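The structure appears below as structure tokens.
Bear in mind these aren't lab numbers, they're just calculated from the coordinates by the rules spelled out. The structure displayed is predicted, hence computed values, not measured ones. Positions of Cβ are backbone-derived with ideal geometry, glycine not excepted, and every protein chain shown enters the neighbour counts.
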């Protein structure tokens, strides 16, 4: 097979939106390869890059734990596979999560991205918002952030680079080949973040 | 892919404000419909207590719907069914991390306002409760909180979307434990979608105009829907779902996810059943996994259910003429 293979974790959430954004990003960049839904450890083991979409992190985590996908994703990340996690995806990648109201969570996490998450950091759905954010460090000066019951990063380890903040809250981070965002780039027509991710995957191969 | 646009330009529910030095907008169509997109492939469970809400969250529910009584008890109790106690809704919001929805009566603008002030994540303008206005649904563009509405056919679905619903579900026949009506409703919608898609593909604008007149919705919404070949918002199954196989079957009919009402907490094996319905919804494409899920429940503990042909109260007919 020629080209790269990017999977979107298809347990629950906005899978189709991420498939479409990744596909369009590859087409615009002229990168060859396939984008597919992945659910099982076998499907995940063949990937060059993985997107973990938005959704409910408790649901995606619990179900990925049950069928062994969580373990496989961890192995792949350890071997250097680039991952993009948006919203629930970033929560899953983190080491620790607490909820703004309920407190410390014991939900299944990938325990890899050295950050502590505050879930629902901006409030409930009525307080979900759109605002322009900036990710200068990765060459995206202006991006429409769609924040839906969004989490924020409350603690970031030494190896974690803060890419964007909003109202003093960290909303985008990078640690090596892992990118996490509080907002949903897949719900906008701007492909810059997905393009940045596709380039990461291609460089790694 | 489902589009997120569809804003009414002057919608009162859109709030512009500043967060620090940043200009932000709340209540846009992208945020409301986007919220529904995050629920896709998930199960929303009806709950009446904090304990049930916690069971639902632990089982992998994507959200809970708070009611005063489960639909089958609404049916038994008779009388007027209203929105749930605010205190219970608040207790549940403080004890779980997944989204919390609640129902208001059809057309009852102020029950909806109260739910919005309570900060629920989504409002279900629901036929399970006694309608407050048989002729007008709520004008949902006035709200910052997103709404879900029930529909039995394409016309009802599009009229609700035109009023500002960010999500649609089948009506089914709530509280019966009988999936038959939900199956009819999703098939109705699918058949009508295929019909208008073929009109669109044939380029017959005149016929599309007559469809818009027949369904009593704007031409632009019919045209958008016809070009997509699906509803322009997320569409869930609801009404009578009781077993993992019920959930998986409705997913095969093109539903984006599942609402379960009385089916779980009216069964005697609620905890196992909640998990099993989630598993079957996630892995519906894999019959072996659905079998494993079905094995987790005991049919002798399913709710007995009702024949939908001889019901005194057909909840699905509420609000259907508007």
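The distance linking region B:69-130 with region A:1-17 is 36 Å (Cα centroid to Cα centroid, whole angstrom).
Helix-only arithmetic for chain A: the sum of -39500 (n - 2.57) across DSSP H runs with n ≥ 4, divided by the residue total, places the mean residue ellipticity at 222 nm at -8500 deg cm²/dmol. Looking at region A:4-204, the DSSP beta bridges with both ends there are about 50 percent antiparallel.
What is region B:1-143's relative contact order, in percent, from Cα pairs under 8 angstrom and six or more apart in sequence?
21 percent
Counts of other chain beta carbons within 10 angstrom of each beta carbon in peptide B:56-63 average 4.
Report the Stokes-Einstein translational diffusion coefficient (µm² s⁻¹, integer) for chain B, Rh taken as the Kirkwood radius over Cα pairs, at 37 °C with viscosity 0.692 mPa s.
Numbers: Rh = 19.8 Å.
After rounding, the answer is 166 µm²/s.
Taking chain A as a Gaussian network of alpha-carbon nodes connected by springs under 10 Å, the highest mean-square fluctuation of the residues A:120, A:67, A:18 belongs to A:67.
Averaging the sequence gap over all C-alpha pairs within less than 8 Å and six or more residues apart, then dividing by the number of residues, gives chain B a relative contact order of 19 percent.
Considering Cα pairs under 8 angstrom that are at least six residues apart, work out the relative contact order of chain A and quote it in whole percent.
On the way: 459 pairs, mean separation 40.9, N = 205.
For chain A, the relative contact order is 20 percent.
Region B:229-296 and region B:41-63 have Cα centres separated by 13 Å. For the residues B:294, B:206, B:54, a GNM of chain B with alpha-carbon springs under 10 Å puts the largest fluctuation on B:206. Rounded to the nearest 5, what % of the DSSP beta bridges within region B:1-78 are antiparallel ones? Given both bridge residues lie in region B:1-78, the antiparallel proportion sits at roughly 55 percent. Averaged over the residues of B:40-53, the number of partner chain Cβ atoms lying within 10 Å of the residue Cβ comes to 2.
Hey, got the average number of other protein chain Cβ atoms within 10 angstrom for residues in B:95-106?
Other-chain Cβ atoms within 10 Å of each residue's Cβ, averaged: 3.
Each stretch of four or more DSSP H residues adds -39500 (n - 2.57); spread over every residue of chain B, this sum gives -12000 deg cm²/dmol at 222 nm. When the Gaussian network model of chain B links Cα atoms closer than 10 Å, the mean-square fluctuations of B:67, B:22, B:253 top out at B:22.
Classify region A:1-119 as rounded, prolate or oblate from the Cα gyration tensor: take a ≥ b ≥ c as the square roots of its eigenvalues, call it rounded if a/c is under 1.5, otherwise prolate when a/b beats b/c and oblate if not. Prolate, because a/c is 1.5 or more and a/b exceeds b/c.
Which of rounded, prolate or oblate describes region B:53-184 when judged by the alpha-carbon gyration tensor and an a/c cut-off of 1.5? It comes out rounded by the Cα gyration axes. Counting every alpha-carbon pair across region B:14-101, the share separated by more than 20 Å comes to 51%.
Kindly work out what percent of the DSSP beta bridges joining two residues of the protein assembly as shown are antiparallel, to the nearest 5.
On the way: 28 of 75 bridges.
Just about 35 percent of them are antiparallel.
Given axes a ≥ b ≥ c from the Cα gyration tensor, I'd like to know whether chain A is rounded (a/c under 1.5), prolate (a/b larger than b/c) or oblate.
Values: a/c = 1.56, a/b = 1.18, b/c = 1.32.
Note, shape of chain A comes out oblate.
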